[in-house]
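The values are calculated or read from the model by the stated rules, or taken from the named source; none is laboratory data. Everything numeric in this text was worked out from a predicted model, so none of it was measured. Every residue, glycine among them, receives a Cβ derived from its backbone with ideal geometry; neighbour counts consider all protein chains shown.
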Ligand code: SF4
């Protein structure tokens with residue numbers, strides 16, 4: 001799709017089976033989340049609000065907590081780096097790998113490395129970089145991009161995946177999910193043993209202990225670290241939490257909100273490189289803290305978006321995302337979180353994503369499910385205002401100035417209402433407003449019933 005293709009046109013062109021894959025998986029995830037939360041937490045809203053308070057407190061004192069986390073990590077033998085932008089993060093990671101002459105890297109799932117386009121960068125420099133999360137592996141062999149934060153292949157069905165495996169020489173066509181998984185496992189395990197470095201993200205970093213917490217359902221982050229002499233964790237600066245005991249709140253909420261599980265299958269706590277008595281694990285460990293626009297967001301009136309723990313629940317529940325899929329958002333992060341985060345992270349390139357906040361019905365479902373109570377609809381409105389103030393209009397959106405002229409002049413409005421019934425006699429494509437034509441290509445107007453509200457009010461008026 002082109003960088004500026006409006007989301008509604010993208011959604012209209014989406015094949016039916018792709019749309020039903022996205023819709024089905026979002027509906028299933030939403031209902032599992034409801035059950036998992038309600039079963040164990042009769043006052044789940046209070047837990048969400050507690051999580052929001054902890055995260056907001058951390059963000060309000062991020063400089064202090066980041067410094068504390070850095071001290072603890074360094075005490076444990078971790079080398080800490082800070083990167084202002086994507087370019088600096090990529091070159092830092094490349095330098096660490098080059099210093100160790102690491103040419104083969106395995107990678108666990110990490111949205112922040114998607115954000116900085118790390119794979120492409122390393123592969124261009126001759127470093128083999130293999131995704132080890134099954135979904136991300138399929139995305140990589142297909143040359144695709146994730147369509148969901150948690151389930152990157154939510155837009156694919158098993159037949160497409162079986163075809164990809166056959167094409168890549170991973171066995172004859174077989175679309176049994178168990179066979180697909182077994183073949184991927186055999187392929188990936190061979191790579192784990194031959195790699196020289198493992199790259200992961202981090203779900204949380206405790207400022208109190210310097211513990212890095214990673215959650216996966218496949219154990220691939222563990223495999224990415226255990227046999228390798230070098231581990232690099234790439235971490236957005238907003239991933240800090242104050243204390244270890246806060247993990248009780250976040251791990252409970254993350255697993256339930258993301259996948260409807262009580263706890264993610266593998267929850268790992270890392271404290272530095274391996275000790276001499278440990279049989280395996282990395283001898284050298286680096287953490288690259290990434291800013292990439294986060295400090296700017298922290299100083300803005302949308303700072304609450306940095307509370308996000310990347311659970312994807314807002315994507316699952318969003319009526320627009322369910323129809324359009326994540327690819328329509330044209331950025332690493334799709335759905336409601338992406339509609340806010342992408343324009344904010346873009347900085348000077350705000351215009352490229354300024355239409356995304358309009359891709360929302362403002363129904364408020366995203367805020368209701370968000371485990372850290374982020375007021376996403378309020379932020380969508382703020383960003384719409386920002387785009388309006390910057391004079392940015394979405395391609396294909398109807399001009400609102402003529403409507404404002406009509407709606408603020410009662411006499412003219414009444415006259416227009418009386419005449420407008422005539423529009424029902426015309427086919428939509430013949431409506432005499434050229435600027436509306438592209439908008440109407442994708443929409444069916446209801447029959448015009450202008451004026452009925454006034455008649456109804458007049459009848460109710462006391463005589
Ligand atoms: S905004 Fe909230 S619901 Fe959406 S991914 Fe982030 S934490 Fe989850």
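Inspect all residues belonging to the stretch 174-182 and state whether any of them is crowded, with 18+ Cβ neighbours inside 10 Å and modelled with pLDDT of 95 or more. Yes, there is a match, as at least one residue in the stretch 174-182 is crowded, with 18+ Cβ neighbours inside 10 Å and modelled with pLDDT of 95 or more.
May I ask you to say which residue of 328, 313 is touching a residue at least 60 places away in the same chain (Cβ under 8 Å), on the phi < 0 side of the Ramachandran plot, more than 13 Å from the ligand (Cβ to nearest atom) and within 14 Å of the chain's Cα centre (by Cα)? Outline the logic, then answer.
Values: 313 fails: more than 13 Å from the ligand (Cβ to nearest atom).
When all the criteria are applied, what remains is 328.
One line per residue, one yes/no per condition, for (1) assigned to a helix (DSSP H, G or I); (2) surrounded by fewer than 19 Cβ atoms within 10 Å (Cβ to Cβ):
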| position | (1), (2) |
| --- | --- |
| 337 | yes, no |
| 341 | yes, no |
| 345 | yes, no |
| 348 | yes, yes |
| 357 | yes, no |
| 360 | no, no |
| 363 | no, yes |
| 374 | no, no |
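The single condition among (1) more than 15 Å from the ligand (Cβ to nearest atom); (2) within 23 Å of residue 144 (Cα to Cα); (3) touching a residue at least 60 places away in the same chain (Cβ under 8 Å) that residue 286 does not meet is (2).
This table checks each residue for (1) touching a residue at least 40 places away in the same chain (Cβ under 8 Å); (2) under 23 Å from residue 295 (Cα atoms); (3) not assigned by TED's automatic domain parsing to the domain that holds residue 274.
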{"site": "35", "(1), (2), (3)": "yes, no, yes"}
{"site": "56", "(1), (2), (3)": "yes, yes, no"}
{"site": "62", "(1), (2), (3)": "yes, yes, no"}
{"site": "75", "(1), (2), (3)": "yes, no, no"}
{"site": "80", "(1), (2), (3)": "yes, yes, no"}
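Count of the stretch 251-268 residues, restricted to those that are closer than 20 Å to residue 240 by Cβ and touching a strand residue (DSSP E or B) at 6+ places or on another chain (Cβ under 6 Å), is 3. Among the residues in the stretch 241-260, are any within 19 Å of the chain's Cα centre (by Cα) and surrounded by fewer than 18 Cβ atoms within 10 Å (Cβ to Cβ)? No, the stretch 241-260 contains no residue that is within 19 Å of the chain's Cα centre (by Cα) and surrounded by fewer than 18 Cβ atoms within 10 Å (Cβ to Cβ). Can you find even one residue in the stretch 68-78 that is in contact with a helix residue (DSSP H, G or I) (Cβ under 8 Å, 6 or more places away or on another chain) and assigned to a helix (DSSP H, G or I)? No, there is no match, as no residue in the stretch 68-78 is in contact with a helix residue (DSSP H, G or I) (Cβ under 8 Å, 6 or more places away or on another chain) and assigned to a helix (DSSP H, G or I). Would you check if residue 394 is at pLDDT below 75 and surrounded by 10 or more Cβ atoms within 10 Å (Cβ to Cβ)? Here the answer is yes, as residue 394 does meet what is asked.
So, residue 51, is that one modelled with pLDDT under 95, surrounded by 17 or more Cβ atoms within 10 Å (Cβ to Cβ) and in contact with a helix residue (DSSP H, G or I) (Cβ under 6 Å, 6 or more places away or on another chain) or not?
Criteria not met by residue 51.
Determine, yes or no, whether residue 33 is within 21 Å of the chain's Cα centre (by Cα) and either surrounded by 14 or more Cβ atoms within 10 Å (Cβ to Cβ) or within 21 Å of residue 308 (Cα to Cα) (or both). So residue 33 passes the test.
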